[in-house]
1. Please indicate, with yes or no, whether at least one residue in the range 337-346 is over 26 Å from residue 171 (Cα atoms), out of contact with any helix residue (DSSP H, G or I) (no Cβ under 9 Å at 6 or more places or on another chain) and modelled with pLDDT under 85.
2. Which of the residues spanning the range 372-394 are closer than 19 Å to residue 301 by Cα and either surrounded by fewer than 16 Cβ atoms within 10 Å (Cβ to Cβ) or in contact with a strand residue (DSSP E or B) (Cβ under 7 Å, 6 or more places away or on another chain) (or both)?
3. As an exercise: evaluate residue 50 against (1) part of a loop (DSSP other than H, G, I, E, B); (2) at pLDDT 90 or above; (3) over 24 Å from the mean Cα position of the chain (by Cα) and give the number of the one condition it does not meet.
4. Return the total of residues in the range 166-180 being under 8 Å from the mean Cα position of the chain (by Cα) and in a helix (DSSP H, G or I).
5. Kindly indicate whether residue 66 is surrounded by fewer than 21 Cβ atoms within 10 Å (Cβ to Cβ) and either touching a helix residue (DSSP H, G or I) at 6+ places or on another chain (Cβ under 8 Å) or free of Cβ contacts under 8 Å to residues at least 40 places away in the same chain (or both).
6. Is it the case that residue 115 is in the same structural domain as residue 62 (by TED's automatic domain parsing), within 20 Å of residue 49 (Cβ to Cβ) and within 20 Å of the chain's Cα centre (by Cα)?
7. With respect to the numbered conditions (1) modelled with pLDDT of 80 or more; (2) not in a helix (DSSP H, G or I), which one is the sole condition not fulfilled by residue 411?
8. Considering the range 197-232 alone, what residues qualify as being under 18 Å from residue 45 (Cα atoms) and assigned to a helix (DSSP H, G or I)?
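The values are calculated or read from the model by the stated rules, or taken from the named source; none is laboratory data. These numbers come from a predicted model, not from an experiment. Glycine gets a Cβ as well: all are built from the backbone with ideal geometry, and neighbour counts include every protein chain shown.
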């Protein structure tokens, strides 16, 4: 098993790492670059946003190679009782559908409802292929088998929610890809502990490997974005693989474990929907981007983009560890772990904050230019005495052109 895990990870890593530079060149040729509406990402210059195909290629090459080899070795049975060949075919077809819609969006931009249509079609194909949430087993609720129609609907909703959760959290360099790596590793550990199918273990390992191969190009300061093609693929794959890995294991908490692992992006998405409904007072408002996500709030608090990303990595890791402990040792040990972490964070929170005096200097993490409120930025129409927090949202570094989010408080 461990040999297959190593092969799945390394092969996916190498393929993605090698092909990502090519996707940067392709992005510029086909027009898959950030536009004015995407300047909220902390970069005020044009950036390629077509890293998704490299991640998908690394995942597919690794997965297909291992499935062929393992079938020849008779270590997996694709045509047995569980009909994995049919499920994998549905999964691959779903990836193709959702990637096709999102690739067009990355290049030409399509309406959110059109992109949602692609997500729904991909989810339906997966559900029809036999990948479904067939039961829900929680610490105090036991529903080992649910009605077929309910199962299909629940599966479709789960896939769409997780897909959009990863997509919506993709707002800072390396955020969605890094959180997906943490989620993938957490699910891998849970699958191994559960005795899940080798196919689900290979799939989640290949996903983690391809993301680690992409992160060097995506972490702050990013050379490329993963794009909607990549972020939708990540959410779609995590949702589908979590069902495959949880099916037929009958552990203490079946579908709740992936829910906890993906807790950060899911909760952020739920709050975003509620926030937009309240502010916009219509369903259309749900599809309009805003700056109310957790990563935006951290940056607004004075954390640099890189610091905000690392903080969210930590929160995601806590969710993952909690799920692993819950799977391996039960709810009480998991809750005691969470309590200790919360107390420790609460006790040390003040040490991580910086008290603002209103005279702070801010340094660009790209070119090291320092904004001094005493002098302002007269060429850009910024008067002397203007504090950094008072700068317009579209203000950029006068040296390298980066946005406000790429600045951090200077010591």
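1. The answer is yes, given that some residue of the range 337-346 is over 26 Å from residue 171 (Cα atoms), out of contact with any helix residue (DSSP H, G or I) (no Cβ under 9 Å at 6 or more places or on another chain) and modelled with pLDDT under 85.
2. The answer is 372, 387, 388, 389, 390, 391, 392, 393, 394.
3. The one condition residue 50 does not meet is (3).
4. 8
5. For residue 66, the condition - surrounded by fewer than 21 Cβ atoms within 10 Å (Cβ to Cβ) and either touching a helix residue (DSSP H, G or I) at 6+ places or on another chain (Cβ under 8 Å) or free of Cβ contacts under 8 Å to residues at least 40 places away in the same chain (or both) - is not met.
6. Here the answer is yes, as residue 115 does meet what is asked.
7. Among (1) modelled with pLDDT of 80 or more; (2) not in a helix (DSSP H, G or I), residue 411 violates only (1).
8. The answer is 217, 218, 227.
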